[in-house]
1. For residues in the range 232-274 being β-branched (Val, Ile, Thr) and farther than 22 Å from VAL162 by Cα, which is farthest from the chain's Cα centre (by Cα)?
2. Among the residues of the range 413-420, is any open to solvent by 10 Å² or more (accessible area, probe 1.4 Å), on the phi > 0 side of the Ramachandran plot and at pLDDT below 90?
3. Filter the range 74-106 for residues that are of a type in the set (Gly, Ala, Ser) and open to solvent by 20 Å² or more (accessible area, probe 1.4 Å); which is modelled with the lowest pLDDT?
4. For the range 336-353, does any single residue satisfy the condition of being at pLDDT below 90, among the hydrophobic types (A, V, I, L, M, F, W, C) and within 26 Å of the chain's Cα centre (by Cα)?
5. Among the candidates LEU363, LEU379, LEU351, which residue alone is open to solvent by less than 10 Å² (accessible area, probe 1.4 Å) and in contact with a Ser or Thr (Cβ under 9 Å, 6 or more places away or on another chain)?
6. Show the residue pairs meeting these rules: Cβ distance below 6 Å; 6+ apart or different chains; first residue within the range 107-120 and in a loop (DSSP other than H, G, I, E, B); second residue not hydroxyl-bearing (Ser, Thr, Tyr).
7. Counting only residues that are farther than 13 Å from ALA234 by Cβ and of a type in the set (Phe, Trp, Tyr), which one in the range 164-220 is modelled with the lowest pLDDT?
8. I'd like the full set of residues that are modelled with pLDDT under 90 and among the polar types (S, T, N, Q), limited to the range 234-270.
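The values are calculated or read from the model by the stated rules, or taken from the named source; none is laboratory data. Worth saying up front: this structure is predicted, and the values here are computed from it rather than measured. Cβ coordinates were reconstructed from backbone atoms using ideal geometry, including for glycine residues, and neighbour counts include every protein chain displayed. Protein only, heavy atoms only, side chains kept; ligands, DNA and RNA dropped before computing areas. Shrake-Rupley method; radii C 1.70, N 1.55, O 1.52, S 1.80 Å.
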Amino acid sequence: MSEPLKGHVLLVDDDPALLKVLGALLTQAGLTPHPASNARDALALLARRPIDVVLSDVRMPGMSGLELLAEVGRGWPDVPVLLMTAHGTVPLAVEAMKAGAADFVLKPFDREELLFSLHKALLRAQKEPEPTRGPGKAPDGLFVGASRALADVQSLLARAAVGTATVLLRGESGTGKELAARAVHDGSPRRAGPFVKLHCAALPDTLLESELFGYEKGAFTGAATRKPGRVELAHGGTLFLDEIGDVSQAVQVKLLRVIQEREFERLGGTQTVKVDVRFVAATHQPLEDLVRRGTFREDLFYRLNVVPLWLPSLRERPEDIEPLARHFLDVHAKANGRPPFTLSADGLAVLQSQPWPGNVRQLQNFMERLVVLSDGPHLTGTDVARELSRQPGLAPPLAAAPLPSSDTGTLESRRKDVEKDALVDALKRTGDNRTLAARLLGISRRTLYNKLEEHALL
């Protein structure tokens, strides 16, 4: 997202705690919030002062968010309205979008999604081009850097986005699979439709099935009303299934059907629901191995693996550590109200010496920790090494002590020695099988061959 717009946002919700949280979030983002605890007060406020966008809950005592939408449309047709809704009221919100709502945000809301929706609405209200978050942008650092590996990913994402085929995102945890899925959606013809996501590993089978397909009233104890599932909510848009490798075989069968036939039944129901959904899935697991072990259906794998995209680990794009680190320093300094931070050459050398098993996400979290805990604003190798030493399992002995800038050459030579030893060990353990060696090291075959050539091991 570019620099935040300045604008006045009318917040409408009967929950005072949520109004307070939203107000703080918008203020931090550079916007001016105007809270109202009900729709009547919101209309009165609209009549008194200029408002750029309305963010309203759907269900409120008295006048509902849908009724407020209609009133705003009649009296202030140029003011976009965004609706906040819990899962049970999503169908109402979808209908409201047909009636003129700019967008809807699911509760509990995701900070970045909320700000992005507001950003689009504000640009639309001010007659400026809408932002995109396709390849070439930098959401949370996914596309920050100039490495060849990153450029390849950007190119593939752009090509995959414009089609309709199912996309399977592969890569280690922390490489940005969810952000890549969002980029596919935002670069596709479905960008105006909903982007719905579900973390499959976070739910037990029984809950996962109801979250995916929804249920009818009385389907089980506690099912007091009909609830639409994520598949149904994604109609006209994209459904992102994260950690698809953790789905049970019982749910896999139902997923296969909906991907093939674009139809399903809610739990406890007999009526077939037809949907128009594009599926994007992601996993850090080797699905081929799961297929061989019989824990993942082969037919589902082939349905998902139509357009496979591998996201590189941070080890495969080490030249991007510097721009990523500086990007996250800027982002978190602004977010925490700190002055701009700078990073010394020896501080950067310490960062580049790390394996970063958690990839970009781990680097981002570490840079935020530096911003919060360091005196700043200039970060040296001593500052970086000190914080690394407080994180067990991350900092090797090499980074445990301050590194003066004169040690950079020695640091690089030691890094290459460690890398070469790892390559030799992987080839030995796999009987010189390059495919297995690449998998063991967690890198692509292309990167393996590049590294073997670099170290004269071909």
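1. THR270
2. Among the residues of the range 413-420, not one is open to solvent by 10 Å² or more (accessible area, probe 1.4 Å), on the phi > 0 side of the Ramachandran plot and at pLDDT below 90, which makes the answer no.
3. So the residue we want is GLY88.
4. Within the range 336-353, none of the residues are at pLDDT below 90, among the hydrophobic types (A, V, I, L, M, F, W, C) and within 26 Å of the chain's Cα centre (by Cα).
5. Going through LEU363, LEU379, LEU351 in turn, just one is open to solvent by less than 10 Å² (accessible area, probe 1.4 Å) and in contact with a Ser or Thr (Cβ under 9 Å, 6 or more places away or on another chain): LEU379.
6. These pairs meet every condition: LYS107/MET84; LYS107/ALA86.
7. Restricting to residues being farther than 13 Å from ALA234 by Cβ and of a type in the set (Phe, Trp, Tyr), the top hit is PHE220.
8. Across the range 234-270, the qualifying residue is only THR270.
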